[in-house]
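Notes follow the structure.
The values are calculated or read from the model by the stated rules, or taken from the named source; none is laboratory data. Remember, predicted model here, so these are calculated numbers, not experimental data. Because the Cβ atoms are built from the backbone with ideal geometry, glycine has one as well, and the counts that use them run over all protein chains shown. Just the protein is used for accessible areas: all its heavy atoms, side chains included, with ligands, DNA and RNA removed. Shrake-Rupley method; radii C 1.70, N 1.55, O 1.52, S 1.80 Å.
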Amino acid sequence: MKIITKPAYIDNKLVELMEKYTNYYIATAWASMNSSAASKLLDNEKYINKMVVGTHFYQTHPNFIKNFASHSNVKFILKTDKIFHPKVYLFSDENGNWECLIGSANFTQAALTKNDEIMIHITSNDQGSEKIFTDILKTIDSYWEYAEEMTEKITEYTNLWKKNKNKLDSLRNVYGGYTSKKSMIKSNILSLQWDEYYEKIRSTIDKQDDSFSERIKVLQKINNYFTEKQIFSSFTKLQRKQVAGLIDDGSEIKWKWFGSMVGAGVFHSKINNNDPNISNALNCIPLTGPVNEAHYNQFIKTFKQAFPTGKCGIGIASRLLAMKRPDYFVCLDGKNRSALCKDFGIPQKIDFETYWEQIIARIIDSVWWSSSCPEDSRKEEKQAWNGRVAMIDAIFYQHKE
C-alpha cells in the first residue's frame, strides 16, 4: 500500500495500470479529457467493464460524455437527490491480480495535472486484499444500478454546461481563462458588504482629499446630461469635454475626477470634432437596466472606428463608460491601475479584450455590487450606490508624492 500525492504521478500511475490490466472498474464524481489517463482510457475503452461518472454541478466536461456516452459499459449519474462523490479506480486481470487507486482525485484534467490530491494505492498483495476487492466491486455495482445512459441527453447537458460555465469558473476565481493569483477573499473590497464598502469609500477619501462630494457631483451632473439629451453627439462641446475628463472649467465641479484625459491629444480632437463613432459607441450601452458583455463588446467595436490609426486605449474608453454607467464601469488609468490590479491579483496589462473579463466580471461577482439600493440611507449614500463601480477609483487612486 502506498500514498500518491502529486497529480502527475497519479496521472502516470493510471496510465501504467491501464497498460498492465485488462479489466477496468471506475467510479468518479467528475471527468474530463486532456490528461494522459483520459487519452489512454479512450485508446483502451474495450477494457472498461464498468465506469460510473457523476454530473453534479455540471463539472463533467461535455467532451468526455461525447467520447464515452455510446459505450455500453459507461453510465452517468443524473439524479440530484444526493451528490455522487466517489473516486475509485480498480484494475484487474484474469489471474486474480489487481491494483486500485482510491482517494480524492476525480478523473479530470485539473485533478491529474495541478490540484492538490491524495490517493491510496492498494494491490492484491496487501493484507485483507480479497475483502477489499470484493467490497469495491459491490460498491461500484450499486452505483451502476441507479446510473443512466446519456446517449439521448448529450445536447441538453451541453447546453446546461455552457450556461453554467462562467458561474463555475467564477467560483474557481477564473475569469477569461485566467486564474487570479490572489483569492477574492484576500481582496480589500470584493468580499465587503455594501455598508462596509461605502465606509471604505468615505474613509479613504476623507484621509486623502475630501473629494467625496466632488465626485458625486461629477456623476450626478453627467447623469443629468445623458438623461436629458440621451445622445452624446447632441451634447454641447463643453459638455462633451466635461464627460471625457478633458477640462476643468473653473466651476465647482471637478471634471477630472475619475480619470483626467487631458494628455490624450487624439481623443481631445475627436471630442472637439464630435466624432460620430464615439457617440454611436456610447449608444451601445443602455442608460438604465442591465449591461452585459455583449453591450461592452459592441461599444469597443464601434469605439475603435473613431481611431483607425490607433492611439486609443482602455483608459479613455473606460472613462466614457464609467461616466455613462458608473454602476457598471470604472475608469482604469495610470492613477489607479497598479493598486487595483494588485488588489484583484491580476496583471496590470489590461486592454480592450480583457477589461470586462478581468475587471468588470469580478466586480459584478462582488458582494457589495449585488446589494440592494439602501432605501433608508442619506441621499449621498444612494448616489454613491448608483455610482458604486466608478467610485472604486476613490479607493485605489494614488496621489503624486
- Message: Set the bar at 21 Å for Cα to Cα. Now go through 87/114; 241/382; 13/40 and name every pair that lies beyond it.
- Response: 241/382
- Note on the structure: Any aspartates and glutamates whose Cα falls less than 16 Å from that of residue 6, other than same-chain ones fewer than 8 residues away, would be 16, 116, 117
- Query: How far is it, in nm, from the label point at residue 294 to the one at residue 16 when both lie 7 Å from their Cα along the line to the Cβ?
  - Reply: 5.1
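State the extension gain, in nm to one decimal, for the chain segment bounded by residue 186 and residue 361, taking 0.36 nm per residue of separation less the distance between their alpha-carbons. Numbers along the way, then the final one.
Values: separation 175, 0.36 × 175 = 63.00 nm, distance 1.71 nm.
In short, 61.3 nm is gained.
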- With an 8 Å cut-off on Cα pairs and a minimum separation of 6 or more residues, tell me the relative contact order of the stretch 273-396 in percent. 25
- Arrange the peptides 105-114, 2-11 so that the one whose residues have, on average, the most other Cβ atoms within 10 Å appears first. 105-114, 2-11
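Of the cross-linked pairs 304/335; 165/301; 181/335; 181/311; 138/162; 82/162, which ones have a Cα-Cα span greater than 29 Å in the structure shown? Don't skip to the answer; put the middle values down first.
Values: 304/335 23 Å; 165/301 25 Å; 181/335 22 Å; 181/311 31 Å; 138/162 35 Å; 82/162 23 Å.
From the list (304/335; 165/301; 181/335; 181/311; 138/162; 82/162), the Cα-Cα distance tops 29 Å for 181/311; 138/162.
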- Restricting attention to the stretch 331-384, which trypsin sites (Lys or Arg not before Pro) occupy a DSSP loop and are surrounded by at most 16 other Cβ atoms within 10 Å? 349, 378
- Return the long-range amide H neighbours of residue 332 (sequence gap of 5 or more, or a different chain), with a cut-off of under 5 Å between placed amide H atoms. 318, 319
- With residue 125 itself left out, Lys, Arg at +1 and Asp, Glu at -1 over residues whose Cβ is under 15 Å from its Cβ give -1
- Item | Debye intensity ratio in log₁₀ form over the Cα atoms of the chain, taken at each q of 0.06, 0.13, 0.14 Å⁻¹ | -0.38, -0.99, -1.08
- Item | Point-to-point label distance, residue 137-residue 301, nm (Cα→Cβ direction, 7 Å offset) | 6.0
- Inter-centroid distance (Cα atoms) of the stretch 86-127 relative to the stretch 1-25, Å: 6
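Ignoring any ligand, DNA or RNA, what whole percent of the accessible area of the stretch 1-125 comes from carbon and sulfur when the probe is 1.4 angstrom?
On the way: 2600 of 5660 Å².
Of the solvent-accessible surface of the stretch 1-125, carbon and sulfur hold 46 percent.
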- Length gain on complete extension for the stretch residue 114 to residue 224, per 0.36 nm per residue less the alpha carbon to alpha carbon distance? 34.5 nm
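Restricting the count to DSSP beta bridges whose residues both fall in the chain, what percent are antiparallel, rounded to a multiple of 5?
On the way: 22 of 32 bridges.
Antiparallel bridges: around 70 percent, rounded to the nearest 5.
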- Query: Which of the GluC sites (Glu not before Pro) found in the stretch 112-181 are in a DSSP loop and have at most 10 neighbouring Cβ atoms, other than their own, within 10 Å?
  - Reply: 152
- Message: Tell me which of 230, 86, 35 sits at the most positive position along the dipole axis of the chain, charges placed on C-beta atoms (Lys, Arg +1; Asp, Glu -1).
- Response: 230
- Determine the sum of side-chain charges near residue 240: Lys and Arg each +1, Asp and Glu each -1, restricted to other residues whose C-beta is under 11 angstrom from that of residue 240. +3
- Task: Mind checking which aspartates and glutamates have their Cα closer than 15 Å to the Cα of residue 254? Skip sequence neighbours fewer than 8 apart in that chain.
- Result: 209, 210, 214, 393
- Honestly the stretch 293-343 on the Cα gyration tensor test (a ≥ b ≥ c root eigenvalues; a/c under 1.5 rounded, otherwise a/b vs b/c for prolate or oblate) is just oblate
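Quick one: compute the contact order of the stretch 82-135, relative version, from alpha carbon pairs under 8 angstrom and 6+ residues apart, as a percent. Don't skip to the answer; put the middle values down first.
On the way: 60 pairs, mean separation 15.2, N = 54.
The normalised contact order for the stretch 82-135 reaches 28 percent.
Tell me, in nm to one decimal, what length is gained between residue 165 and residue 9 on full extension, where the rule is 0.36 nm per residue of separation less the Cα-Cα distance?
Details: separation 156, 0.36 × 156 = 56.16 nm, distance 2.83 nm.
Using 0.36 nm per residue and subtracting the Cα-Cα distance, I get 53.3 nm.
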- Item | Cα-based Kirkwood hydrodynamic radius, the stretch 239-385, one decimal, Å | 16.2
- What 222 nm value per residue comes from the helices of the chain, counting each DSSP H run with n ≥ 4 as -39,500 (n - 2.57) and dividing by all residues, nearest 500 deg cm²/dmol? -13000 deg cm²/dmol
- Item | HN-Hα J in Hz across the stretch 77-91 - Karplus 6.51, -1.76, 1.60, θ = phi - 60°, x for Gly and Pro | 8, 10, 5, 10, 6, 7, 8, 7, 9, x, 9, 9, 10, 10, 10
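First check a/c for the stretch 91-178, with a ≥ b ≥ c the square roots of the eigenvalues of its C-alpha gyration tensor; if it is under 1.5, answer rounded, and if not, answer prolate when a/b is larger than b/c or oblate otherwise.
Working: a/c = 3.44, a/b = 1.69, b/c = 2.04.
Since a/c reaches 1.5 but b/c is at least a/b, the shape of the stretch 91-178 is classed as oblate.
Determine the per residue accessible area of the chain with all protein chains present and a 1.4 angstrom probe, expressed in square angstrom.
Working: 19390 Å² over 401 residues.
Averaged over the residues of the chain, the accessible area is 48 Å².
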- Query: Using a basic spin-label model with each label point 7 Å from the Cα along Cα→Cβ, how many nm lie between residue 262 and residue 144?
  - Reply: 7.8
- Rounded to the nearest 0.05, FRET efficiency between residue 372 and residue 237 (Cβ-Cβ, R0 45 Å) equals 0.70
